[in-house]
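Let me begin by presenting the structure, written as structure tokens, before commenting on it.
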Amino acid sequence: MSDFSSLPRIRLKPKADARALRHGAPWVYADDLVTDRRTKALTPGSVAILEDAERTPLGLAAVSPGSKIIARMLDRDLEARIDRDWFTARLGAALRLREQLYTTPYYRLVHAEGDGLPGLIIDRFGDTCVLQPNAAWLESRLEDLTAALQAVTGVRHILKSASGRTRKLEGLDDISLPLLGTPPDRVEVPMNGAIYIADLAAGQKTGLFYDQRPNHAFAAKMGRGGRVLDVFSHVGGFGLAALAAGAETALAVDGSAAALELAAEGAAAMGVADRFETRKSDAFAALEALNAEGAQFDLVVCDPPAFAPSKPALQQGLRAYERVARLAAPLVAPGGALMLCSCSHAAELPKFRSSCLRGIGRAGRSAQILYTGGAGPDHPLHAQLGETGYLKAILVRLLP
């Protein structure tokens, strides 16, 4: 139990939507909070009692006075203590879900607000966890968080990754470091029958993207016995999954030589190096070059970075997705499949899909939609946060 009477208090403005917070909304934006001198003086990461405009308590919130998201709801119980036991309970619930979903310990263990741990990302790679504390309240409680994570999972290594973009907005450093044990630089990750090489020390984000797992699996079915093109391939996500499912060949295209080296290492670990090829190139240039060569594939996948990371970039991003579809569609053999993906928060599914279909039409092709997907269930969506549903994937069959 905690003496909540000693905690600081923060208060919503009268115009703020307190009902949404009562129904589970996890964020309070700076424009909705009374930011007097006392609130501004709070140490980033402080826990405070959040009240509505009538001073009725709503729960405990972590405060970041300098952030656009000025408060994150942690617990509706005013008596809760945000300590090691609290982390243990939340992490234990997250682990039980993943153990229901997966038979091997390779998954996203914590997906921030979706798991009741705002700002926290944890990816598990066997006996190693990579932890991204992307909010100030987590950074100030790393000791308790690390101890709870080790106790719950039994992992031997924990690495703090400071690569999250929101850390700067929270006034946090960009220094990654081991929190437990000696985390390996690279690990082999089995997924969908393929083997991926995750670079935990120098790779993107936590080293691997688990979110595409179900989309890898579905696309791989469409590549069986055929030729596969994986554009914006990173470490070979779609291409290696297709080879594991029986594709004849796969060509991975990416602008990063380091990522392609990891993809090639994965292919070698799977014993399919003779059927796997890489091409280092700007993706748009590669698509244009392959069209000029008259290349044809039975499955083409394009999984670009976020072209529309924010609302101001939406229209430009949608034009980029249309261009990808227009250049990719002619490379698909008649009756073949094309998967197009977006990880842009601002590009909602209907707009993304319309842009893709417009690009396919501009390429002179007709299509039937076979599949629409998102992130896997180890990336649970917070019921009050549409923004967490960032990943979109559509797979179409191009008609003869």
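Based on Cα positions only, what radius of gyration and what Dmax would you give for the chain, in angstroms?
My reading of the Cα-based Rg and Dmax gives 22.7, 72 Å.
Summarise the accessible area of the chain (1.4 Å probe, protein heavy atoms) by the percent that is carbon and sulfur.
Details: 8670 of 17190 Å².
Here it works out to 50 percent.
Residue 356 accessible area, nearest 10 Å², 1.4 Å probe?
Its accessible surface works out to 0 Å², give or take rounding.
What percentage of all Cα-Cα pairs in segment 135-275 are separated by more than 27 Å? Write down the numbers at each step before the final one.
Numbers: 3169 of 9870 pairs.
Value for segment 135-275: 32 percent of Cα pairs lie more than 27 Å apart.
Which whole number of Å³ per residue matches the convex hull of the alpha-carbon atoms in segment 1-126? Can you show the working numbers first?
Working: hull volume 14.3 nm³, N = 126.
Spread over its residues, the Cα hull of segment 1-126 gives 114 Å³ apiece.
May I ask you to evaluate 6.51 cos²θ - 1.76 cosθ + 1.60, the Karplus curve with θ = phi - 60°, for each residue of segment 158-168 and list the ³J(HN,Hα) values in order in whole Hz, giving x for glycine and proline?
Computed from phi, the couplings for segment 158-168 are 9, 10, 8, 9, 9, 8, x, 5, 7, 4, 5 Hz.
Based on the Cβ-Cβ distance of residue 202 and residue 31, what FRET efficiency does E = 1/(1 + (r/R0)^6) give at R0 = 30 Å, to the nearest 0.05? Walk me through the intermediate numbers first.
Working: r = 38 Å, r/R0 = 1.27.
Calculated value: 0.20.
Nearest 10 degrees, 0 to 90: what angle lies between the long axis of helix 314-328 and the longest principal axis of the chain (Cα atoms)?
30 degrees
May I ask you to evaluate 6.51 cos²θ - 1.76 cosθ + 1.60, the Karplus curve with θ = phi - 60°, for each residue of segment 330-339 and list the ³J(HN,Hα) values in order in whole Hz, giving x for glycine and proline?
The phi angles translate into x, 7, 8, 5, x, x, x, 10, 10, 10 Hz.
Leaving out ligands and nucleic acids, and using a 1.4 Å probe, what accessible area per residue does the chain come to in Å²?
On the way: 17190 Å² over 400 residues.
On a per-residue basis, 43 Å².
Beyond 32 Å between alpha-carbons counts as too far, so tell me which of 280/351; 13/311; 15/168; 68/392; 68/351; 40/392 fall in that bin. Spell out each step's value before the answer.
Numbers: 280/351 30 Å; 13/311 25 Å; 15/168 29 Å; 68/392 26 Å; 68/351 26 Å; 40/392 38 Å.
Where the Cα-Cα span goes over 32 Å, the pairs concerned are 40/392.
Averaged over every viewing direction, what's the projected area of the C-alpha convex hull for segment 226-351? Give it in nm², one decimal, please.
On the way: hull surface 30.9 nm².
Projected over every direction and averaged, the Cα hull of segment 226-351 covers 7.7 nm².
Around residue 46, which amide H atoms from residues at least 5 apart in sequence, or from another chain, sit under 5 Å from its own amide H, with H modelled in the peptide plane?
Hits under the 5 Å cutoff: 63.
Taking N as the number of residues in segment 104-206, what value does Rg over Cα atoms divided by 2.2 N^0.38 Å take?
Normalised Cα radius of gyration, segment 104-206: 1.02.
Quick one: Karplus J couplings for segment 379-384, per residue in order, coefficients 6.51, -1.76, 1.60, θ = phi - 60°, nearest Hz, x for Gly and Pro?
10, x, 8, 6, 4, 9
Given 20 °C and 1.002 mPa s, compute D for segment 277-400 with the Stokes-Einstein relation, Rh being the Kirkwood radius over Cα pairs; round to the nearest whole µm²/s.
Numbers: Rh = 14.9 Å.
Approximately 144 µm²/s, per Stokes-Einstein.
Which of 170, 293, 261 moves the most in a Gaussian network model of the chain with Cα springs under 10 Å?
Comparing 170, 293, 261 in a Gaussian network model of the chain, the most mobile one is 293.
The values are calculated or read from the model by the stated rules, or taken from the named source; none is laboratory data. These numbers were taken from a predicted model, which means no experiment stands behind them. Glycine gets a Cβ as well: all are built from the backbone with ideal geometry, and neighbour counts include every protein chain shown. Only protein heavy atoms, including side chains, enter the accessible area calculation; ligands, DNA and RNA are left aside. Shrake-Rupley method; radii C 1.70, N 1.55, O 1.52, S 1.80 Å.
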